[in-house]
Amino acid sequence: MKIWHGQFLAAVAASLFLAGCNQSSAPGAGGDTIKVGEFASLTGKDATFGISSHEGTLMAVEEINAAGGVLGKKLELLTEDTQCKAGESATVVNKLVSRDNVVAILGEVASSRSLEAAPICQQNKIPMISPSSTNPDVTKTGDYIFRVCFIDPFQGTVMANFATKTLKAKRVAVFTDVKSDYSKGLAKFFKEQFKANGGEIVVELDYNGGDKDFKAQLTAIKAANPDGVFVPGYYTEAALICVQAKQLGVNVPLFGGDGWESEKLFEIGGDAIEGNYLSTHYSPMAAGSDLSRKFVANYQKRWNGKTPDALAACGYDSALVLADAIKRAGSSDGQKVRDAIAATKDFPAVTSRITINEHRDATKSAVILRIKGGKYEYLETVEP
Ligand code: PHE
């Protein structure tokens, strides 16, 4: 992890402080606290993902601790920055497991980064809960790997049905980030359902996450004359694609999945994202539970008036589900915690009630949002 000077001083101060209060540093459950690892993209290309997710996760840990902690101990959240760099997730998760002896790991948002770290958690029998990685392969890594969100076969189906029924699209272009497991998976599941609905994929094009110029592909997309363009990517590229599509006169809706969700989408996309659509996990505008309303109010208080996005809500839920499992296990032993997470049933969380199914995924509804007037407008909730 790269640290700038101020952070370095803060980290030194924090570690001195922790060394002072925490006599035994290993194993993770043996000291005065229960150590929980978190890995998230706090810097780099998709940084708003990790920042939002971390804010939700940290707030949950603070609330749990304020209410007395778990098994008579405080949770101690150890957060590592994956910097949106390939290879970094494996490095930091190895560190959390071997050096810090954490009892469980929360993270990552992006599927490619969860896929990179999951085998390490599995091998070491450290339960891992991804708050929001949606590629189905993440939890297939093994029986210690869980998530508290839906998966992309569902999200792809939701957006294909939305294209067919609401947009009345018959001919769609698909524009995929071939560097991202998330993007490739979501494109595949979208196409399967859209074709099953009788639709036609008129053109398929690729880009690489990090690209800035999409004009060549967008020119080909325009020439194919689609009714809509599905862009299953992350916000930086999705916003630039919207901007360049508008410049080139692609005058049909563009739409994507949860990867579009970021305040940066509005900053980068400006006017060009107006009238476009995305699916995601949670909206503070949907009629939610009391728990959801309380979460929104507390989050705004804790984070300077910021409204929580889906990532924050999923991060919050991942920590709640873990704390509940440790409580039910009556122990922070890895296998017992694993078994308790697997047995999670109808647990009241912010995004919805969470039941972990036999594939270690959560079966949950999706929300569809439209971008209107520089804001998200809530359209509908789609049940599984
Ligand atoms: N689902 C995305 C992935 O698997 C990550 C993501 C979740 C992005 C929620 C935005 C909001 O990579």
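The values are calculated or read from the model by the stated rules, or taken from the named source; none is laboratory data. All of these numbers come straight from a predicted model, not from anything done at the bench. Glycine also receives a Cβ, built like all others from the backbone with ideal geometry; neighbour counts cover every protein chain displayed. What goes into the accessible areas is simple: the full protein's heavy atoms, side chains included, and nothing from ligands, DNA or RNA. Shrake-Rupley method; radii C 1.70, N 1.55, O 1.52, S 1.80 Å.
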Putting +1 on Lys and Arg Cβ atoms and -1 on Asp and Glu Cβ atoms, find which of 64, 53, 94 reaches farthest to the positive end of the dipole of segment 48-110. 94
Determine the dipole magnitude for segment 81-129: charges of +1 sit on the beta-carbon of Lys and Arg, -1 on that of Asp and Glu, nothing else is charged, the reference point is the Cα centre, and the result goes in debye to the nearest 20. 120 debye
For residue 74 and residue 167, FRET efficiency with R0 = 41 Å and r from the beta-carbon atoms, rounded to 0.05? 0.25
What share of the DSSP beta bridges in the chain is antiparallel, in percent to the nearest 5? 35 percent
Give, in nm to one decimal, the length gained when the segment between residue 274 and residue 328 is fully stretched (0.36 nm per residue of separation minus the Cα-Cα distance). 14.8 nm
Please compute the modelled spin-label separation between residue 94 and residue 137, points set 7 Å along Cα→Cβ, answer in nm with one decimal. 2.1 nm
Rounded to the nearest 10 Å², what accessible area does residue 307 have for a 1.4 Å probe in the complete protein model? 80 Å²
Calculate the spin-label point distance for residue 304 paired with residue 196, positioning each point 7 Å from the Cα along the beta-carbon direction, and give it in nanometres. 4.6 nm
From highest to lowest solvent-accessible area (probe 1.4 Å; ligands, DNA and RNA excluded), 333, 361 read 333, 361
How large, in percent, is the carbon and sulfur part of the accessible surface of the chain at a probe radius of 1.4 Å? 54 percent
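Just from its helices, what would the mean residue ellipticity at 222 nm be for the chain, if runs of 4 or more DSSP H residues each count -39500 (n - 2.57) and the sum is divided by every residue, rounded to the nearest 500 deg cm²/dmol?
When only DSSP H runs of four or more count, the value is -13500 deg cm²/dmol.
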Tell me the label-point distance for the pair residue 345, residue 211, using the 7 Å Cα-to-Cβ offset, in nm and rounded to one decimal. 4.8 nm
Rounded to the nearest 10 Å², the 1.4 Å probe accessible area of residue 213 is 100 Å²
Intensity falloff of the chain expressed as log10 I(q)/I(0), Debye formula with alpha-carbon point scatterers, at q = 0.09 Å⁻¹: -0.50
At a Cα cut-off below 17 Å, give the lysines reachable from residue 95, other chains included and same-chain residues fewer than 8 away excluded. 2, 35, 85, 125
So which helices of the chain fit the span-like rule, where a helix is a whole DSSP H run, its Cα atoms reach 27 Å or more along the axis, and its mean Kyte-Doolittle is at least -0.5? 47-66, 310-329
Any idea of the accessible area per residue across the chain, 1.4 Å probe, to the nearest Å²? 40 Å²
Using only the alpha-carbon atoms, what does segment 21-156 span along each of its principal axes? Please give whole angstrom values in decreasing order. 46, 29, 27
May I ask you to rank 293, 113 by accessible area, largest first, using a 1.4 Å probe over the protein chains only? 293, 113
DSSP loop GluC sites (Glu not before Pro) in segment 277-384 with at most 14 other Cβ atoms within 10 Å of their Cβ, which ones? 358
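Which chymotrypsin sites (Phe, Trp or Tyr not before Pro) from segment 174-210 combine a DSSP loop assignment with at most 16 other Cβ atoms within 10 Å?
Counting only loop positions with at most 16 other Cβ atoms within 10 Å, none of the chymotrypsin sites (Phe, Trp or Tyr not before Pro) in segment 174-210 qualifies.
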